[in-house]
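Colleague: A single structure is presented below for examination.
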Amino acid sequence: MRRAANVKKKSTKKTGANKTNSKNIESVPARKDFPIVGLGASAGGLEAFQQFLKEVPTDSGIAFVLVPHLDPDHASMMSDLLRRYTTMEVIEAQDNVVVKPDKVYIIPPKKDIAMHKGALLLTNPEKPRGLRMPIDFFFRSLAEDRGERAIGIILSGTGTDGTMGVRAIREAGGMSMAQDETSAKYIGMPRSAINTGLVDYILPVEKMPEQLISYISRSYPKKRPKPDELKDIPISYRKVLSMIRLKTGHDFSYYKKSTIFRRIERRMNVHETKDINSYVKYLQEHPEEITMLFKELLIGVTNFFRDAEAFDILKKKGLAAVLGDKPEGYQTTGVR
């Protein structure tokens, strides 16, 4: 078993399906902004889903959306097959259904599934057969809808579906997991996701629920500093930025302060460090984490290129000033 960024993992012995899980794993408190977790798999996915759900307590406060690759010519029996492994309600997703905690939703055959404002939307895929990426499609919508609370998990499967979705989730500040290659029946999908360097936890599937709930319990209750508290970066955070500058040559001192706090906090949660001073010590002992944090701070820069408001201002003000005096049909002939 290994974990992304060489994080040591504490193991907890488990018992049978849903009999004592709620005692072994602390449940997440009920709340309106409950976690919604997407799980993607293809070949070998049924077994992986069964192992995963077997270890999830009934009252975790989490909703799960399963996106397996299904044969479009056959009715799915996956709901019936998975009900044997969990006492949570397992249902085939319906169009525009509002997602609720402690339920498992499964994509129907011949459909793509997306998340929008807390509801699942079903659409007909552009290509019913051939190359389809339903996991990427859902993960990207999950990232847009839940932001830093988006969570995506890649299980056994062939191909690369889910890799772009993992990138979208990390760009939004969310968390991702992948099944380790020693336990996955088919390693193509997990390996592709892992190779991005953006997966937070690489674990056997039966260990994922415990880590998932631990991460959520640490991350969701956090009280972030208010905007007026961000005028100056505390000294411990300045130490972190100094370490990044020394290693990479990049100075984030003038970077958006709320983003700095959020991204550092996310890495602290991944490594289960109790406070910023402990994280500074961790960085000193694990220089490779400085590189990971540096990449973390850079994620999201490309959001500008999808910012419709910014481009609208550029069109009306910036380009108008540059091109306003040019005649209709004007073309440049080369770089001067």
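Colleague: Using the eigenvalues of the Cα gyration tensor, what equivalent ellipsoid semi-axes result for region 138-279 when each is taken as the square root of five times the eigenvalue, whole Å, largest first? Could the numbers behind the result be given before it?
Modeller: Details: eigenvalues 179, 49, 45 Å².
Sorted largest first and rounded, they come to 30, 16, 15 Å.
Colleague: Based on the Cα gyration tensor of region 143-224, what are the three equivalent ellipsoid semi-axes, each the root of five times an eigenvalue, rounded to whole Å and given largest first? Can you show the working numbers first?
Modeller: On the way: eigenvalues 98, 47, 13 Å².
Working from the Cα gyration tensor, I get semi-axes of 22, 15, 8 Å.
Colleague: Filter Lys103/Lys185; Lys256/Lys315; Lys239/Lys281 down to the pairs with a C-alpha to C-alpha distance above 19 Å, please.
Modeller: Lys103/Lys185; Lys256/Lys315
Colleague: Next up: Treating the beta-carbon of each Lys and Arg as +1 and of each Asp and Glu as -1, no other charges, what is the dipole magnitude of region 76-153 about its Cα centre, to the nearest 20 debye?
Modeller: Details: 13 positive and 11 negative charges, 31 e Å.
Magnitude of the dipole: close to 140 debye.
Colleague: Ignoring any ligand, DNA or RNA, what whole percent of the accessible area of region 141-199 comes from carbon and sulfur when the probe is 1.4 angstrom? Can you show the working numbers first?
Modeller: Details: 870 of 1890 Å².
Carbon and sulfur: 46 percent of the exposed surface of region 141-199.
Colleague: Using a 7 Å offset from Cα along Cα-Cβ at Asn96, what residues in region 105-149 end up with backbone N under 16 Å from the label point?
Modeller: Within reach of a label on Asn96, which here means backbone N under 16 Å from a point 7 Å along Cα→Cβ, region 105-149 contributes 114-124.
Colleague: In addition: Please give the per residue accessible area of region 130-289, computed with a probe of 1.4 Å over protein heavy atoms only, in Å².
Modeller: Working: 6960 Å² over 160 residues.
I get 44 Å² per residue for this part.
Colleague: Let me ask you something else. With a cap of 11 neighbouring Cβ atoms within 10 Å, and only residues DSSP puts in a loop, list the trypsin sites (Lys or Arg not before Pro) found in region 121-212. If you can, show how the numbers build up before the last one.
Modeller: Working: sites: Arg129, Arg132, Arg140, Arg146, Arg149, Arg167, Arg170, Lys185, Arg191, Lys207; in loops: Arg129, Arg132, Lys185.
Here the trypsin sites (Lys or Arg not before Pro) that fit, given the DSSP loop and packing criteria, are Arg129.
Colleague: Tyr220 to Asp33: extension gain in nm, 0.36 nm per residue of separation minus the Cα-Cα distance?
Modeller: Numbers: separation 187, 0.36 × 187 = 67.32 nm, distance 0.91 nm.
Residue separation times 0.36 nm, minus the Cα-Cα distance, leaves 66.4 nm.
Colleague: Give the residue list of chymotrypsin sites (Phe, Trp or Tyr not before Pro) in region 247-276 that are DSSP loop and have at most 16 other beta-carbon atoms within 10 angstrom.
Modeller: Details: sites: Phe252, Tyr254, Tyr255, Phe261; in loops: Phe252, Tyr254, Tyr255.
In loop regions of region 247-276 (DSSP not H, G, I, E or B), the sparsely surrounded chymotrypsin sites (Phe, Trp or Tyr not before Pro) are Tyr254, Tyr255.
Colleague: With only Lys, Arg, Asp and Glu charged, each at its Cβ (+1 for the first two, -1 for the last two), find how big the charge dipole of region 37-112 is about the Cα centre; round to the nearest 20 debye.
Modeller: Numbers: 7 positive and 11 negative charges, 18 e Å.
Here the size comes out at about 80 debye.
The values are calculated or read from the model by the stated rules, or taken from the named source; none is laboratory data. None of the values given here were measured: they were computed from a predicted structure. Because the Cβ atoms are built from the backbone with ideal geometry, glycine has one as well, and the counts that use them run over all protein chains shown. Note: areas computed on protein heavy atoms with side chains; ligands, DNA, RNA excluded. Shrake-Rupley method; radii C 1.70, N 1.55, O 1.52, S 1.80 Å.
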